[in-house]
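The values are calculated or read from the model by the stated rules, or taken from the named source; none is laboratory data. Every value quoted in this text rests on a predicted model; they were computed, and no experiment measured them. When we count neighbours, we look across all protein chains shown, and the Cβ atoms used for this are built from the backbone with ideal geometry, even at glycine.
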Amino acid sequence: MYNYLSGGFSAYLYRDLLLGIRNKTDLVKPLIFFLLISALVPLAIAPEAERLAQLAPGIIWILAVLATLLSVERLFSDDLQDGSLEQMLLSPNMLILPILGKIAAHWLMIGLPLTLLSPLIGIWFSLPVVAVIPMILSLALGTAVLSLIGAVGAALTLPRQGGVLLALLVMPLYMPVLIFGSATIQSAVDGLDWTAPLAILAAFLAIAIALCPLAINAGLRLAKNG
Amino acid sequence: MAATNILKIDNLAFERNDTLLFEPVSLQLNSGEALHIEGANGAGKTTFFQILINLLEPSAGSIFFRGQTFSKCRYDYLSDILFIGHQSGVKATLSVEENLRWMSPDNTSAEKIALALQSVGLEHYANMPCYRLSAGQHRRVALARLVTTTASLWYLDEPFAALDKQGVAFIEGCMQQHLNSGGAMVFSSHQDLVKIEARSYRLQSYREVM
Amino acid sequence: MNLHLQWTWFHRLGSPRWFYQKTQRWLPWLSFIMLSLLVAGLVWGLAYAPPDAKQGNSFRIIYVHVPASVVALAGYYLMAIAGAVGLIWRIKLSYMLMRSAAPIGAALTFIALVTGAIWGKPTWGAYWVWDARITSMLILLFLYIGVMALRHTYSSHEAADKASAILGLVGMVNVPIIYKSVDWWQTLHQPATIKFTGAPSMHPDMFMPLVVMIVGFYAFYAVSLILFTRAEILRREYRASWVKQLVTDKLAEK
Amino acid sequence: MYFDSLQQLIFMDGHGVYVWSAFIISIVVMVGLMVKPLCQKKQEFKNIQLHIKLQQVNQAATQKEALDASHS
């Protein structure tokens, strides 16, 4: 069993997953949002397969960004309110591992289900079959980057709890992920080489794993001072 | 057993919005001693605790733990302190036992957990999710840590808030035992303590020199 | 010994009082340099430089658009570095510089965006085209606004300073990535027929006024930054005896 | 000068509206960036004057109190 003192990566990963499973509604909200908005798109544009397929890569990625943004806000705020953030910051170990553990849990609960749901959206939008695997891969890597960057914004806006400010801070930083994520799918649709943009997404993930926890650590320490 | 110096604070000051929050603090704490931090509301008691537990950085002054500067013994220090603040750190969706386990050190035996729950009167609630508990019971879950902890330096910020007589007696018992076994503690409270002998230190809110 | 001297110099540099008194003397000189450069560049660019072969006279907008975007981008780095210096060495002055740099940078980014849009009309026939530079500028504007807005999250300005500094650093790592990504995205979708820049291939008669304007904008940036920082110093250091002395002296003069 | 007359300089073969509006907007914003901190500085001076005055009043009051106490 885990505790906050020895609390490394797996302790926080396990705990956040457990909390997520117990609060099922919070878990399902972003996914429902993802599905609902996807269903609105054909109604708002046109039910023509060709046009939808053209827009699909972009729309899927915009929805992934919005769904992550919607959920990342609460990554630390519950912990701040009930005092467990304080206890986490008191852990003698490096805070980077608990932070990564929490983000990994967030990705497992938001990014991964989105990724798994995406083929369904692909079918709705008549996305060519060749693009499905690139889409799944790009979403899997990209949503992890989105969670990491979003967590930086969530940590910095903790005293006032996110909202529009969180979106303002995080959206510009999401831009490269959005570009290369949708480009991966688009390249596959156009029959081009889609591994190059995917490799760049992987590079973003590597950079984000290395740097984001440092910023999050520094940001969380300010929350109490707000 | 000779009393050893556990904590030494030298001219500790904290600035918020370029104003000192309290008059600089200098004090010492030896093993077996309890220190009662007093001060009017807004004198910065909670902030003072947050500096002690390394959540906030002091603007000036230094803290020594067992004779070493803080930066040199960060790991030892943090693994040897227990902090219970205003917020309990209890997760509503986890059960009482799960919460206590999370907040207790490694290898705490099942018996110890059971004992801790019993001493705060929650033995029958072990598997109940915490959102079903009252506010007072919530606090008791957090305070059950006093039984399971192995830390030698306790920081308790208003431990008696929202507790009935029984609860107060329980904490006083834990504190006494901790002091007898050579531990040390810093706490704040609005209530007068009956049993515990404690030195008191009054935080003075800072007044601008004209 | 030498190191020690440098260290004290560094700390003197970090003192708001030192900065306030020094810049008092620098300001007239800097303003003079700024005005002469800007006026010279403006007259040269507007009246003497030859028009572009393809774009005609509308290309003269380059003399504000490019300097504004160059300085706005450099300003972001300056802001982030000032924040980092504040975080590492805990120098209050450097936080003040960071705070002052944000609105100036945002305003310059705004200039770059508006002039870019105006330039777009005669060149592309539309006020807004998702050109790489303009898109990057738009993102830069959001980054600046984010740094400015983040302050209000914190009630203590020590925490606000640190948070802005962290955000600035995160942005600094990201800015080159964003620029490169947008460039790449641009080439992927619509290779622009006419690019705004291409400075090295420009004719010297067109290029020289641009250089003068860029240097002039840097001088303007310095002057504006100093003015903002001086106001910020007064705002935060109102308890310091030298500030009180300054104010009473000023009263006595009147 | 590249242009033959002032009129041509203003008109710029039909591009004058764009060029001049771009320059005028830029100049207005830049002047604003110089004026705003100067106004702020003026305001700060006023605030600090007020602060000093309040301090003096407080000081006088405490001195008077001390004096009264010693007399009685």
* Can C:Ala102 be described as within 14 Å of chain A (Cβ to nearest Cβ), small (Gly, Ala, Ser), crowded, with 21+ Cβ neighbours inside 10 Å and under 17 Å from C:Met79 (Cβ atoms)? -> yes
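Which residues, counting only those in the range C:207-240, are of a type in the set (Ser, Thr, Tyr) and part of a helix (DSSP H, G or I)?
Step one: list which residues in the range C:207-240 are of a type in the set (Ser, Thr, Tyr), which gives C:218, C:221, C:224, C:229, C:238.
If the condition is that a residue be of a type in the set (Ser, Thr, Tyr) and part of a helix (DSSP H, G or I), then C:Tyr218, C:Tyr221, C:Ser224, C:Thr229 are the ones that fit.
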* Which one of these does B:Arg101 not meet: (1) at pLDDT 90 or above; (2) more than 17 Å from the chain's Cα centre (by Cα)? -> (1)
* Working only within the range C:121-136, note down all residues that are within 19 Å of C:Thr187 (Cβ to Cβ) and of a type in the set (Gly, Ala, Ser). => C:Ala132, C:Ser136
* Asked: Does A:Ala151 satisfy the condition of being more than 18 Å from A:Ile200 (Cβ to Cβ), out of contact with any strand residue (DSSP E or B) (no Cβ under 6 Å at 6 or more places or on another chain), hydrophobic (A, V, I, L, M, F, W, C) and within 14 Å of chain C (Cβ to nearest Cβ)?
  -> yes
* To do: Could you please find all residues in the range D:1-31 being facing chain C (nearest Cβ under 7 Å) and modelled with pLDDT of 85 or more?
  => D:His15, D:Tyr18, D:Val19, D:Ser21, D:Ala22, D:Phe23, D:Ile25, D:Ser26, D:Val29, D:Met30
* Asked: Listed residues C:Ser155, C:Ser181; which is facing another protein chain (nearest Cβ under 9 Å), without any contact (Cβ under 8 Å) to a residue 24 or more places away in the chain and either at positive phi or surrounded by 19 or more Cβ atoms within 10 Å (Cβ to Cβ) (or both)?
  -> C:Ser181
* Asked: Of all strands (runs of 3 or more DSSP E) completely enclosed by the range B:93-210, which ones contain at least 1 residues that are surrounded by fewer than 18 Cβ atoms within 10 Å (Cβ to Cβ)?
  -> B:199-202
* Asked: How do the pairs read when you match residues in the range B:101-120 that are more than 8 Å from chain A (Cβ to nearest Cβ) and in contact (Cβ under 8 Å) with a residue 24 or more places away in the chain with residues anywhere that are assigned to a helix (DSSP H, G or I) and of a type in the set (Asp, Glu), using Cβ under 8 Å and keeping only pairs 6 or more apart or on different chains?
  -> B:Ile113/B:Glu97; B:Leu117/B:Glu97; B:Leu117/B:Glu123
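Looking at this structure, is A:Ala167 surrounded by fewer than 23 Cβ atoms within 10 Å (Cβ to Cβ), at pLDDT 95 or above and within 13 Å of chain C (Cβ to nearest Cβ)?
It is false that A:Ala167 is surrounded by fewer than 23 Cβ atoms within 10 Å (Cβ to Cβ), at pLDDT 95 or above and within 13 Å of chain C (Cβ to nearest Cβ).
Is there a residue in the range A:39-46 that is touching a Leu at 6+ places or on another chain (Cβ under 9 Å) and in a helix (DSSP H, G or I)? Break it down stepwise before answering.
Our first condition is that a residue be touching a Leu at 6+ places or on another chain (Cβ under 9 Å); within the range A:39-46, this holds for A:41-42, A:45-46.
Imposing the further condition that a residue be in a helix (DSSP H, G or I) reduces the set to A:41-42.
Yes, the range A:39-46 contains at least one residue that is touching a Leu at 6+ places or on another chain (Cβ under 9 Å) and in a helix (DSSP H, G or I).
Going by the structure shown, is B:Ala40 of a type outside the set (Val, Ile, Thr), over 23 Å from B:Gly67 (Cβ atoms) and touching a residue at least 60 places away in the same chain (Cβ under 8 Å)? Spell out how you get there, then give the answer.
On the way: of a type outside the set (Val, Ile, Thr): yes; over 23 Å from B:Gly67 (Cβ atoms): yes; touching a residue at least 60 places away in the same chain (Cβ under 8 Å): yes.
Judged against the criteria, B:Ala40 is a match.
Please enumerate the residues belonging to the range C:225-238 that are closer than 13 Å to D:Phe45 by Cα and at the interface with another protein chain (Cβ under 7 Å from one of its Cβ atoms).
Looking only at the range C:225-238, we keep the residues that are closer than 13 Å to D:Phe45 by Cα, and these are C:230-238.
If the condition is that a residue be closer than 13 Å to D:Phe45 by Cα and at the interface with another protein chain (Cβ under 7 Å from one of its Cβ atoms), then C:Arg230, C:Ala231, C:Leu234, C:Arg235, C:Arg236, C:Tyr238 are the ones that fit.
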* Asked: Is one or more of the residues making up the range B:167-178 within 18 Å of B:Ser88 (Cα to Cα), in contact with an Asp or Glu (Cβ under 8 Å, 6 or more places away or on another chain) and of a type in the set (Phe, Trp, Tyr)?
  -> no
* Single residue of the range A:109-138 satisfying the filter (without any contact (Cβ under 8 Å) to a residue 60 or more places away in the chain and surrounded by 21 or more Cβ atoms within 10 Å (Cβ to Cβ)) that is nearest to A:Thr25 (Cα to Cα) -> A:Gly111
* Asked: Just a yes or no: is a residue in the range A:23-35 charged (D, E, K, R) and either within 14 Å of chain B (Cβ to nearest Cβ) or on the phi > 0 side of the Ramachandran plot (or both)?
  -> yes
* Could you list all residues from the range D:48-72 that are among the β-branched types (Val, Ile, Thr) and more than 34 Å from the chain's Cα centre (by Cα)? => D:Thr62
* Complete set of residues in the range C:51-106 that are assigned to a helix (DSSP H, G or I) and of a type in the set (D, E, K, R) -> C:Arg60, C:Lys92, C:Arg99
* Structure fact -> Of B:Thr46, B:Thr4, the only residue that is within 22 Å of B:Gln191 (Cβ to Cβ) and either under 14 Å from the mean Cα position of the chain (by Cα) or surrounded by fewer than 17 Cβ atoms within 10 Å (Cβ to Cβ) (or both) is B:Thr46
* From B:Leu29, B:Leu20, which residue is under 19 Å from B:Ile81 (Cα atoms) and either at pLDDT below 85 or surrounded by 16 or more Cβ atoms within 10 Å (Cβ to Cβ) (or both)? -> B:Leu29
* Asked: Looking at the range A:118-139, is at least one residue within 16 Å of the chain's Cα centre (by Cα), within 18 Å of A:Ile103 (Cβ to Cβ) and small (Gly, Ala, Ser)?
  -> no
* Consider C:Trp130 carefully, then state whether it is in a loop (DSSP other than H, G, I, E, B), among the aromatic types (Phe, Trp, Tyr) and more than 7 Å from chain A (Cβ to nearest Cβ). => yes
* Asked: Between residues in the range A:170-194 that are within 19 Å of A:Gly122 (Cα to Cα) and at the interface with chain C (Cβ under 9 Å from one of its Cβ atoms) and residues that are acidic (Asp, Glu) and surrounded by fewer than 24 Cβ atoms within 10 Å (Cβ to Cβ), which pairs lie under 9 Å by C-beta distance while being six or more apart or on different chains?
  -> A:Ser187/A:Asp193
